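Notes for the one structure printed next.
The values are calculated or read from the model by the stated rules, or taken from the named source; none is laboratory data. Nothing here was measured: the structure is a model prediction, and the numbers come from that model. So basically every Cβ, Gly included, is an ideal-geometry build from the backbone, and we count neighbours across all protein chains shown. What goes into the accessible areas is simple: the full protein's heavy atoms, side chains included, and nothing from ligands, DNA or RNA. Shrake-Rupley method; radii C 1.70, N 1.55, O 1.52, S 1.80 Å.
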Amino acid sequence: MSDRETPSLARDRAEVASFQDEAHGPLARLHYFLHANPTAAPLIVLLLSLLAFGLVAGERFFTPFNFSLIIQQVTVIGILGVAQTLIIITAGIDLSVAAIMVLSSVVMGRLGVVYGLPVGFALMAGFAVGTLCGLVNGFLITRLRLPPFIVTLGTWSIFFALNLWYSDAQTLRSSDIDRLAPLLKFFGERVGVFGAQFTYGSFLMIGLFALFWYILNWTAWGRAHLRGGR
């Protein structure tokens, strides 16, 4: 402390130095890391969850078969999540995506099994129904400038009602699908890989993850949408 520096000024400088040390402490660095990397928080939660379930369930939890079973269970949600991600990063939302998926699958099943139409036609009809539902949502949101949350909440009710009406609230028996339209169950067929059991749908999900990761991170279109979403 110089001769002209008062005790109060020296105390203020010490408090500022102490604040700077705290700002660069472990918690502050962790906060900065999570803020700079938003995807790190879900990854950390996932790793902690795996550790907790592994401790509770024992060594069988970490077997290849169990992990492949988990992948099978999340395949449908994972595929839908790929499309939902593209919507969310552009500040949108689609609450009707599950209802669209169910309606499309019901159309495929009814046409291929109940009405006995060619499976290829049933598949194309299901994709056409899903595309049409998406076009309805897109038109209401982009052309009429309606809020996506309100639009998709309303169309979710409509698509779900159409599903109940068209299916007569009945399910198709697996044996009938195997006999009349086995191609509809193609993505549910299992393949053994190093002691694990995967489905073709699981491979499709992983492939879509890799494809859209590349598109969003290594193409001009994807990087522009990522910057726009942030």
Can you say whether I206 is outside any strand (DSSP E or B), closer than 17 Å to V76 by Cβ and either free of Cβ contacts under 8 Å to residues at least 60 places away in the same chain or open to solvent by 50 Å² or more (accessible area, probe 1.4 Å) (or both), as far as the supplied structure shows? yes
Could you run through segment 178-230 and say how many residues are more than 23 Å from N37 (Cβ to Cβ) and not aliphatic (A, V, I, L, M)? 20
Checking the condition more than 18 Å from the chain's Cα centre (by Cα) and assigned to a helix (DSSP H, G or I), which residue from L86, L146, L164, L80 passes? L164
Which ones in segment 163-221 are aromatic (F, W, Y), farther than 22 Å from L80 by Cα and modelled with pLDDT under 90? F194
Hey, any hits in segment 57-68 for a residue that's more than 20 Å from L208 (Cα to Cα), touching a residue at least 24 places away in the same chain (Cβ under 8 Å), in contact with a helix residue (DSSP H, G or I) (Cβ under 6 Å, 6 or more places away or on another chain) and not in a helix (DSSP H, G or I)? no
